[in-house]
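What follows is one structure encoded as structure tokens, with my remarks underneath.
Values in this text are rule-based calculations from the coordinates and carry no lab data. These numbers were taken from a predicted model, which means no experiment stands behind them. Glycine gets a Cβ as well: all are built from the backbone with ideal geometry, and neighbour counts include every protein chain shown.
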Amino acid sequence: MLRERRRSRIHSAASVVGMPIERRDGYRLWIGGPVPKGSAGITLGSTVIVRDGHEGSQYLIRHELVHVRQWRRHGVLGFGVRYLGAYTVWRVRLKGHHGAYHRIPLEIEADWVARRSLATAVPETDLADVASHG
């Protein structure tokens with residue numbers, strides 16, 4: 001009950017400022033919310049935030065959904081330590097931002113899973129064809 005009230009407050013607050021948060025299966029999608037410069041999206045817990053115009057990217061949504069699962073698997077502290085710890089190690093090793101970012105194991109996993117799921121997905125045209133013949 002308390003959890004539902006908190007969710008509706010978050011949903012209402014975002015809607016008030018003109019940025020609706022959509023409830024989806026297992027996560028929330030916030031289109032047009034705060035995303036770091038140079039990024040198309042970011043995940044905080046079970047909320048995926050994407051820059052306007054990027055909500056149609058299947059790769060981006062799948063990538064961010066891997067992060068939702070990582071947050072659930074490791075928790076806030078565990079995710080933060082793994083993510084920021086790896087980033088810091090690579091920055092100390094004199095890699096720039098992009099070099100460090102692409103070496104974060106959580107990002108490597110999200111990229112691999114998103115690419116793999118797109119490569120093995122059944123195209124919607126095939127699904128429509130099966131449905132029309134069924």
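Things to note:
- Here is the size of the stretch 2-121 from its Cα atoms: Rg then Dmax, 15.2, 46 Å.
- Evaluating 6.51 cos²θ - 1.76 cosθ + 1.60 at θ = phi - 60° for every residue in the stretch 111-125, the Karplus couplings come out as 5, 4, 5, 4, 5, 5, 5, 6, 5, 9, 5, 7, x, 4, 5 Hz, glycine and proline recorded as x.
- Virtual spin-label span in nm between residue 58 and residue 72, 7 Å along Cα→Cβ: 2.2
- Distance in nm between pseudo-label sites at residue 119 and residue 35 (7 Å out along the Cβ direction from Cα): 2.5
- Distance in nm between pseudo-label sites at residue 44 and residue 97 (7 Å out along the Cβ direction from Cα): 1.8
- All other residues whose Cβ lies under 13 angstrom from that of residue 100 are scored, Lys and Arg at +1 and Asp and Glu at -1, for a net of +3.
- For 71, 112, order by how many other beta-carbon atoms lie within 10 Å, fewest first: 112, 71
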